[in-house]
1. Kindly indicate whether any position in segment 2-24 is among the hydrophobic types (A, V, I, L, M, F, W, C), surrounded by 10 or more Cβ atoms within 10 Å (Cβ to Cβ) and modelled with pLDDT of 80 or more.
2. What residue, of Ala34, Ala38, Ala67, is surrounded by 10 or more Cβ atoms within 10 Å (Cβ to Cβ) and modelled with pLDDT of 80 or more?
3. Restricting to segment 41-55, name every residue that is exposed (fewer than 10 other Cβ atoms within 10 Å of the Cβ) and assigned to a helix (DSSP H, G or I).
4. Just need a number here: residues in segment 70-92 that are surrounded by 10 or more Cβ atoms within 10 Å (Cβ to Cβ) and among the hydrophobic types (A, V, I, L, M, F, W, C).
5. What are the pairs with Cβ atoms under 7 angstrom where one residue, in segment 51-69, is aliphatic (A, V, I, L, M) and the other, located anywhere, is assigned to a helix (DSSP H, G or I) and surrounded by 10 or more Cβ atoms within 10 Å (Cβ to Cβ)? Sequence gap at least six, or different chains.
Amino acid sequence: MPGEGERRCSLSDDMNYDMYAGMTQKREIRRVTANLPADLLEEACHVSGAGVTETLKQGLSLIKRGAALTKASRLRGRLKLDVDLRVSRERPRR
């Protein structure tokens, strides 16, 4: 039980912070030139339903997420976590 002045954070609080943290930061934009297979780019744009820039941004984000997943999976069995499942499963009321 948290003492006076302490606040207990749930896992969902941390996820919400992480999800929105990158949206408020200004990012440096780099203009790049790349030679890409036309059919691959066309198919990717068709599948994503977005233009070239958005499709490439989605692809780069997937690569970044994949690397983070690989890094996290290497930690499997090496971390001792003390997680209160009831608290971590809390959902905010709508």
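1. No, that holds for no residue.
2. Values: Ala34 fails: surrounded by 10 or more Cβ atoms within 10 Å (Cβ to Cβ); Ala38 fails: surrounded by 10 or more Cβ atoms within 10 Å (Cβ to Cβ).
Just a single option satisfies the conditions, and that option is Ala67.
3. Thr53
4. Here is the first cut: in segment 70-92, the residues surrounded by 10 or more Cβ atoms within 10 Å (Cβ to Cβ) are 72, 84, 87-90.
Cutting the leftovers down to among the hydrophobic types (A, V, I, L, M, F, W, C) gives us 72, 87.
Within segment 70-92, residues that are surrounded by 10 or more Cβ atoms within 10 Å (Cβ to Cβ) and among the hydrophobic types (A, V, I, L, M, F, W, C) number 2.
5. Final answer for the pair search is Val52/Leu41; Val52/Cys45.
The values are calculated or read from the model by the stated rules, or taken from the named source; none is laboratory data. Everything numeric in this text was worked out from a predicted model, so none of it was measured. Because the Cβ atoms are built from the backbone with ideal geometry, glycine has one as well, and the counts that use them run over all protein chains shown.
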